[in-house]
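J.: Following this message is one structure expressed as structure tokens.
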């Protein structure tokens, strides 16, 4: 008789199988894919709005906006100039999974896409356990959330490649310490790239856009 | 043959059974219990610190501080003067459940307790589905998170009795609109009590403390 596989293990391995398929498909088309994760209200949608506005004319950007309820984020991204935006309303689920991504990915023209941005549900816990086939997870943290978050939600910071500290214009309005948050984040994940910016004032956005363009170039080797 | 009960249904009904036991136990001892929920960094621990400092001498307050990792919040609450603080480290789980509460509740002296504060994991999604036997859920939202949160995470606002808008000292630093967040919250839950305050400056804290004291009195009928 075959071993009984626990439900959670079964769900994760099914997700991993689908995520691997997505990753292969994206790599075949040289599409660089990022999965944006954070607490609610850290500024994921704002960062994507700014990024679309800056790069939307030179790069083809596909956007998947996940939310528990409402299509507000997808509408904001479309208003910001996003040409290919697909909402996923999870209807209560606390994270996106690879099955949801597979379902909407068929609506994109992968031949022309340079970048795929996936905006996950605002939640610092659950989305960390679900691979969506992305190249990297980008975790946002805002300066109004407290600098202890990497220690308190280590899973997310361990599985992310980049940490974006948003709302640096509000530094000084609380006891949030930029050096302390970096120290805490690197304690959890020594390899983390760290960027600081303010979507509101635009400070630091250039560095983010350069980081992104460099990654796109690396992902798409120049054909002689 | 008995009907096969799906796993999720089984877990919820087991949780509800334990929550009902906790509720009965707390009511027998006339203990008013609140379950604090919010995004990470909205100020749950700060509000509890201020509340302990203000009422800790006149009321016996029990505190349960839930966290994915670290006992930081429990330590902060003890430093703030909390005499009976118990941490629950969920070790990855995204919410507290009634089983965890049952386990630590036996460490409290229920005979002397007036109030029980449960600080849930910072997460606007999952904790909404788990009754902990509390009298009410208090949902915090900070003015730096965006005023669309009640619409985007409706489950939590529907199941809460009170919404505390924290960080009102930072109004004006973003496009967060106090009237809009109230309108959105009442769209989801018309009966929601709404309080506005700043843990940092102390503005509005009096109203919160009065609200709390009134509830404790109501909960503990005067014996002639």
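The values are calculated or read from the model by the stated rules, or taken from the named source; none is laboratory data. Please read all numbers here as calculations on a predicted model, not as lab measurements. When we count neighbours, we look across all protein chains shown, and the Cβ atoms used for this are built from the backbone with ideal geometry, even at glycine.
J.: Within the bounds of segment A:192-206, is there any residue that is within 14 Å of another protein chain (Cβ to nearest Cβ) and farther than 26 Å from residue A:57 by Cβ?
T.: Looking through segment A:192-206, none of the residues is within 14 Å of another protein chain (Cβ to nearest Cβ) and farther than 26 Å from residue A:57 by Cβ.
J.: Here are some conditions: (1) over 20 Å from residue B:67 (Cα atoms); (2) more than 9 Å from chain A (Cβ to nearest Cβ); (3) touching a strand residue (DSSP E or B) at 6+ places or on another chain (Cβ under 7 Å). Residue B:144 meets all but one. Which one does it not meet?
T.: Looking at each condition in turn, residue B:144 falls short on (2).
J.: Still on this structure, please answer the following. Pull up segment A:22-46, narrow it to residues that are more than 13 Å from chain B (Cβ to nearest Cβ) and in contact with a strand residue (DSSP E or B) (Cβ under 7 Å, 6 or more places away or on another chain), then point me to the one that is farthest from residue A:207 (Cα to Cα). Working first, answer last.
T.: Restricting attention to segment A:22-46, the residues satisfying the condition of being more than 13 Å from chain B (Cβ to nearest Cβ) are A:22-36.
Checking the rest, the ones that are also in contact with a strand residue (DSSP E or B) (Cβ under 7 Å, 6 or more places away or on another chain) come to A:26, A:31-36.
Details: A:26: 25, A:31: 21, A:32: 18, A:33: 19, A:34: 17, A:35: 19, A:36: 17 Å.
Restricting to residues being more than 13 Å from chain B (Cβ to nearest Cβ) and in contact with a strand residue (DSSP E or B) (Cβ under 7 Å, 6 or more places away or on another chain), the top hit is A:26.
J.: Sort out which residues of segment A:157-202 are closer than 17 Å to residue A:54 by Cα and in contact with a strand residue (DSSP E or B) (Cβ under 8 Å, 6 or more places away or on another chain), and write them in order of number.
T.: Let us first name the residues in segment A:157-202 that are closer than 17 Å to residue A:54 by Cα, namely A:197-202.
If the condition is that a residue be closer than 17 Å to residue A:54 by Cα and in contact with a strand residue (DSSP E or B) (Cβ under 8 Å, 6 or more places away or on another chain), then A:197, A:198, A:199 are the ones that fit.
J.: Residues to consider are A:83, A:103, A:76; find the one that is farther than 18 Å from residue B:148 by Cβ and either modelled with pLDDT of 95 or more or within 14 Å of chain B (Cβ to nearest Cβ) (or both). Break it down stepwise before answering.
T.: Working: A:83 fails: either modelled with pLDDT of 95 or more or within 14 Å of chain B (Cβ to nearest Cβ) (or both); A:76 fails: farther than 18 Å from residue B:148 by Cβ.
None of the others qualify; the one that does is A:103.
J.: Test residue B:205 against the stated conditions and say whether it is touching a residue at least 60 places away in the same chain (Cβ under 8 Å), more than 27 Å from residue B:89 (Cβ to Cβ) and within 18 Å of the chain's Cα centre (by Cα). Write out each step before concluding.
T.: Numbers: touching a residue at least 60 places away in the same chain (Cβ under 8 Å): yes; more than 27 Å from residue B:89 (Cβ to Cβ): yes; within 18 Å of the chain's Cα centre (by Cα): yes.
Criteria met by residue B:205.
J.: Tell me which residues, restricted to segment A:149-172, are within 10 Å of another protein chain (Cβ to nearest Cβ) and closer than 18 Å to residue A:33 by Cα.
T.: A:156
J.: Could you check segment A:173-188 and list, in sequence order, the residues that are at pLDDT 95 or above and surrounded by fewer than 18 Cβ atoms within 10 Å (Cβ to Cβ)? Give the derivation first.
T.: Going residue by residue through segment A:173-188, those that are at pLDDT 95 or above are A:176-188.
A:177, A:178, A:179, A:180, A:182, A:183, A:186, A:187, listed by residue number.
J.: Within 8 Å of another protein chain (Cβ to nearest Cβ) and either part of a helix (DSSP H, G or I) or in contact (Cβ under 8 Å) with a residue 60 or more places away in the chain (or both): is that true of residue A:122 in this structure? Spell out how you get there, then give the answer.
T.: Details: within 8 Å of another protein chain (Cβ to nearest Cβ): yes; either part of a helix (DSSP H, G or I) or in contact (Cβ under 8 Å) with a residue 60 or more places away in the chain (or both): yes.
The answer is yes for residue A:122.
J.: If you don't mind, there's one more thing I want to ask. In the set A:195, A:205, A:209, A:124, which member is within 25 Å of residue B:37 (Cβ to Cβ) and in contact with a helix residue (DSSP H, G or I) (Cβ under 8 Å, 6 or more places away or on another chain)? Steps first, answer last, please.
T.: Details: A:195 fails: within 25 Å of residue B:37 (Cβ to Cβ); A:205 fails: within 25 Å of residue B:37 (Cβ to Cβ); A:209 fails: within 25 Å of residue B:37 (Cβ to Cβ).
Sole residue among the options that is within 25 Å of residue B:37 (Cβ to Cβ) and in contact with a helix residue (DSSP H, G or I) (Cβ under 8 Å, 6 or more places away or on another chain): A:124.
J.: So which residues in segment A:82-107 are surrounded by fewer than 22 Cβ atoms within 10 Å (Cβ to Cβ) and under 21 Å from residue A:40 (Cβ atoms)?
T.: Hits for segment A:82-107 are A:86, A:87, A:89, A:90, A:91, A:92, A:93, A:100.
J.: Follow-up. Conditions: (1) under 30 Å from residue B:90 (Cβ atoms); (2) over 16 Å from the mean Cα position of the chain (by Cα). Residue A:166 meets all but one. Number of the miss?
T.: (2)
J.: Let me ask you something else. Going by what's in this entry, would residue B:127 be described as touching a residue at least 40 places away in the same chain (Cβ under 8 Å) and within 25 Å of residue A:152 (Cβ to Cβ)?
T.: Working: touching a residue at least 40 places away in the same chain (Cβ under 8 Å): yes; within 25 Å of residue A:152 (Cβ to Cβ): yes.
In short, yes.
J.: State whether one or more residues within segment B:58-74 are touching a helix residue (DSSP H, G or I) at 6+ places or on another chain (Cβ under 7 Å), closer than 20 Å to residue B:155 by Cα and surrounded by 17 or more Cβ atoms within 10 Å (Cβ to Cβ). I'd like the intermediate steps shown before the answer.
T.: Here is the first cut: in segment B:58-74, the residues touching a helix residue (DSSP H, G or I) at 6+ places or on another chain (Cβ under 7 Å) are B:59, B:61, B:63-65, B:67-70, B:72-73.
From what is left, the residues that are closer than 20 Å to residue B:155 by Cα are none.
Checked against the condition, which is being touching a helix residue (DSSP H, G or I) at 6+ places or on another chain (Cβ under 7 Å), closer than 20 Å to residue B:155 by Cα and surrounded by 17 or more Cβ atoms within 10 Å (Cβ to Cβ), segment B:58-74 yields no hits at all.
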